[in-house]
Amino acid sequence: MLQAGTKAPEFSLPDQNGKMHTLSEYAGRKVILYFYPKDSTPGCTKQACGFSELYPQFTEKGAVVLGVSKDSVASHKKFEEKYHLGFTLLSDPELTAIQAYDVWQEKKNYGKVSMGVVRTTYLIDENGMIVKAFDKVKAAENPAQMLEELA
């Protein structure tokens, strides 16, 4: 995981509609950049629905929310439509941003070891610096936690 005080790595990734996004296009705004393991799984759905529900409050505070996983653009589109998500999901099947932000790590699940995305959320300031970094994020609590961080 990257530490607070680090310059956030630039990325260029497609959203659920295939439109490309870069970190630099959000200069001048706070960015909540969260990495999650997989679309439509219970924890990831709770986290995404929480961010979607609170999204108007994030925008009031001048922040944008970007969710990133290695799922495809098509998977993100289905996820967005099924849960009526109101924010941007970025597709990173090549793991470029996932590895740049150091969230591709060894995970243990029922004694089985594999590589995967560790649920992590970064708060990036208007100048592209990481202000806060949270790992071992609790999916259901993360959206409210991040809203408090903006206060």
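The values are calculated or read from the model by the stated rules, or taken from the named source; none is laboratory data. Note that this is a predicted model, so its numbers are computed, not measured. Counting neighbours? That spans all protein chains shown, and the Cβs are built from the backbone with ideal geometry, glycine included.
Conditions tested, residue by residue: (1) of a type outside the set (D, E, K, R); (2) at pLDDT 95 or above.
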| position | (1), (2) |
| --- | --- |
| 36 | yes, yes |
| 45 | yes, yes |
| 56 | yes, yes |
| 69 | yes, yes |
| 80 | no, yes |
| 97 | yes, yes |
| 100 | yes, yes |
| 106 | no, no |
| 144 | yes, yes |
Hey, any hits in segment 63-86 for a residue that's free of Cβ contacts under 8 Å to residues at least 24 places away in the same chain, aliphatic (A, V, I, L, M), surrounded by fewer than 14 Cβ atoms within 10 Å (Cβ to Cβ) and assigned to a helix (DSSP H, G or I)?
-> yes
Selection status of residue 140, at pLDDT 95 or above, of a type in the set (Gly, Ala, Ser) and crowded, with 19+ Cβ neighbours inside 10 Å | no
Taking segment 107-140 on its own, how many of its residues are more than 23 Å from residue 29 (Cα to Cα) and free of Cβ contacts under 8 Å to residues at least 24 places away in the same chain?
-> 11
Can you tell me which residue within segment 87-106, out of those that are over 22 Å from residue 46 (Cβ atoms) and touching a residue at least 40 places away in the same chain (Cβ under 8 Å), is surrounded by the most Cβ atoms within 10 Å (Cβ to Cβ)?
-> 97
